[in-house]
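Below is one structure, written out as C-alpha cells; the observations come after it.
Just so it is clear, none of the values below were taken in a lab; they were calculated from the coordinates. These figures come from a predicted structure and were not determined experimentally. Glycine also receives a Cβ, built like all others from the backbone with ideal geometry; neighbour counts cover every protein chain displayed.
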Amino acid sequence: MALAPAGSIAQESAEALLAAALEHLRARRLDQAEDACKRLLASDPLHADALHLRGLISAQAGQLDHAIDFIAQAIRVEQTNPDYFFNLGRLLAHRARFDEALTSFDIALKLRPDFVAAWLALGEVLQKQQRFQGALLAWDHVLKLDPRNAEAAEKGGRLLLDLKRFEEAAAFFGRLIEIDPGRYEARNLLGGALASLGRFEDAADAFRAAARILPDAPAAYNNVGIMLTDLRRHDEALAAFGRAIAAAPDLAEPYNNRGNALKALNRFADALSDYERAIALKPAYAEAHGNRGACLDELARPDEAVYSFRAALALQPDHADAHWNLAVNRLRAGDFRAGWREAEWRWKSAGLGLKPRGFDQPSWLGDQPIAGKVLLVYNEQGLGDAIQFCRYIPLLAARGAKVVLEISRPLQQLLGGMGGVAQCVAKGEALRAFDLHCPLTSLPLAFDTALETIPSNVPYLAVPSGARDWTAWLGAGSGLRIGLVWSGNPNHINDHNRSIALRTLAPLFDIGAQFVSLQKDAREADQALLRGRSDILDAASLLETFTDTAALVAQLDLVVSVDTSVAHLAGALGKPVFILLPHVADCRWLTGRADSPWYPSARLFRQSETRDWAPVVLELREALQRVGTSFQRSE
C-alpha cells in the first residue's frame, strides 16, 4: 500500500494514526494497520508505541523475527513500558529463546509487579524449561493477585497432575471449580486427580457433577463407570457405561470399559461382544485387543486369546498388561520358557501395581556366576508365591551364593530355617550389604525352568524346632483330621472366583472326620457358622505366624483348601492337600490336570464350565470318604 504524501501528515495527529493502526490490528486488517504505522514512523521514526505496534502487526502476520526486531527498537527508545517487555518475552518464547524470554518477563514484572499476564507467561516458560516448582510459584502468585483467575488454577492443576502430585492438583482444581462452578473440564480434571489418589467414590462424584453440566457428553459417564468398576459396583458401572454409549454410540472406549465390568461379573460372552464392538469401531485399539484376549482366556479359549494378545502387542509393543496376560496364558498352557520371559513385564503392569525396588545393585536372572556373591532374594507378590518359589533357594546356595532372604514377617521363622538361607530378614528391616538381587518370582526364569525341570525337592519346608505342639489342643481321636481353608484375601483381584462361603462345604461335615479351621480373617457370615458348629475346631485366634500353621498342618492328615497360601504350605510340607479351583484357575495349576508338578502331594478339584461349586464339593466329599475308609492313624 502506498504511503500518503509527506505533507499530509501534518493534518493527522500521531494519536489518530496510532488509534487507527490499533483498530485495524484488532480487526485483523493487517495491511491497513501496517500502513498507518508506517505513516506515523515516517514522521517520527523513534515513536516507541508505533514501533511496538509494528511488532505486534508482524507477529500477527507470522513474521516473528521482524516482530522481535521492532519491539526491541521500541524498548531502546522507551525502557520503562512493561507491555513492551511482556510482548517481547512472548515472542522470544515462541522462538524457544526461553532464557531471553525470562529476562524480558522479569523486567516487565519489576516495572509492574501486579502484571498478571506476565506472571502467567512466566510460569509457562518455566514449565517448558522443566522448572516446575518455579512455574507453580508463578501461577500461585497469580491467584494471590487475582483469586478468581481460572487460567492460573487450571495451569497449576494440570502441571501437578502431570507431576503426579495429585493431592495438590485436586486443591488447584477445587479452586478452579470455586471460580467457575459451571466449567465441565474442571470437574473432569478433579475427578482424575481424585481417582489417582484412590478416592474412587469422591472421583465418581466429581465425574457425576461434570455429567450434570454436559448431560450429552459421554466422557463423564464413562469416567463414572470406571470409578464404579474400581469400587467393584459393577451393576452401577454398567448403567453409567450405558449412558456413555447412548450419548456416543460410535465411541469405542465405553464399550471396552463396559466389557471390563461385564467380565468382572463373570458375564464373559457379553464382555467379549463389547470388546469386539470396541475393536470394530477402533481397529487399532490395543487395550481392547488385550482385554479381548483376557476374556477369551476366561472362556477357556486360550489359542484365540494368544492371537488377541499378539494383536495388542503388534499395535503397542510395550503394552505391559498384554504382555502379563500373555505370560499367564503361556504358563497356564505349560509353555514355561515363554511364560517366564513375558512375566517380567509384571513390573510395568498397571493391573498388578508392583513397584520396582530401585536398588543400585544389579539384578540377577541367571546370567552371571554367583559363587561368593551375596544375593538378595525378596518376595514382591503374595505369600503363596513366596512359599512356591523359595524351593529355588537351596539351588542358589549350591551355586555358591550367600542368600539373604527378605520376606513378610509371618513367613520369617518358617522360611528362615530352610537350607541355603544365610540370613532372613523381615520386610522393613535393614538389609545387609549385597551384590546382586532377584525377586522370588523371577527365579524360575533365572533357572530356565521348563515343565519337566521344576525342582523336585519336595518337601522343602519343615516345621522349625520349638514350634507349638498342637497335640493337646487337637485332643484324642482316631478319625481323619482335615484342615479347612475356604477363602483368601478379599482384596485379591480374583478373590470372587477362588473363594467360597463355608456353608458351601456343608456336605463334607457328616463324613465322620474331625475338621479343623485354618482360616484366618473369616468373613462375618462364616464366623457365625463356625460359632454354631461344635464339630469344627477353630484355630484362627492361635495362628500368629506360618510356623504355627505349619506345625498344626503337620499334625493333620489332610488339608482341603481353595487356592490360598495354606494350599502352598501344605504342598511344600509334603502334606496331602486337596485344592478347590475355579473353572479357569491360576496359571500355576495349569489346565486339565488333577495333579500338580509343583506339589506331588496335591490333588486338584476343578469347576466345570458351569462355574458351580456344588459338583466340586460332592466330588471332594466322595474323595474324602475314600480316604477315610482306608485311613488308620499311626501311633
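With neighbour counts taken as other beta-carbon atoms within 10 Å, the residues S499, S456 rank, fewest first, as S456, S499. Remark on region 50-121: hydrodynamic radius 11.7 angstrom, per the Kirkwood mean of 1/r across alpha carbon pairs.
Applying 1/(1 + (r/R0)^6) with R0 = 51 Å to the Cβ-Cβ distance of S456 and Q133 gives a FRET efficiency near 0.35.
In plain terms, the residue of H94, H319 with the fewest other Cβ atoms within 10 Å comes first and the most crowded comes last, giving H94, H319.
Spin-label model, E622/T610: points 7 Å from Cα along the beta carbon direction are separated by 1.3 nm. Computed from the alpha carbon atoms alone, the convex hull of region 154-243 holds 72 Å³ per residue. Three semi-axes describe the equivalent ellipsoid of region 374-453; taken as square roots of 5 times the Cα gyration tensor eigenvalues and ordered largest first, they are 19, 15, 11 Å. How high is the relative contact order of region 471-630? Use alpha-carbon pairs under 8 Å, at least six apart in sequence, and give a whole percent. It comes to 23 percent, rounded to a whole number. Each peptide among 254-266, 336-348 gets the average number of other Cβ atoms lying within 10 Å of its residues, and from highest to lowest they stand as 254-266, 336-348.
Here's the picture: a label point sits 7 Å out from the Cα of E78 along the beta-carbon direction, and within region 91-117 nothing has its amide nitrogen under 11 Å of it.
A protection proxy built from the mean count of other Cβ atoms within 10 Å ranks the segments 68-75, 506-513, 221-228, 365-372, most packed first, as 221-228, 68-75, 506-513, 365-372. Which one of T103, C587, L137 is farthest out on the positive end of the charge dipole of the chain, using unit charges on Cβ (Lys, Arg +1; Asp, Glu -1) and the Cα centre as origin? Sorting the options by dipole projection puts first C587. Beyond 16 Å, the tail of the calculated P(r) for region 10-65 holds 32 percent of the Cα pairs. One-quarter of the Cα convex hull surface for region 471-630, in nm²? Computing the convex hull of the Cα atoms and averaging its projections yields 9.1 nm². The average projected area of the chain, computed from the convex hull of its Cα atoms over all directions, is 37.8 nm². Per-residue Cβ neighbour counts within 10 Å put S273, S104 in the sequence S273, S104, beginning with the fewest. As a ratio to 2.2 N^0.38 Å, the alpha-carbon radius of gyration computed for region 45-202 takes the value 1.20. Placing +1 on the Cβ of every Lys and Arg and -1 on the Cβ of every Asp and Glu, with no other charges, gives the chain a dipole of roughly 1200 debye about its Cα centre.
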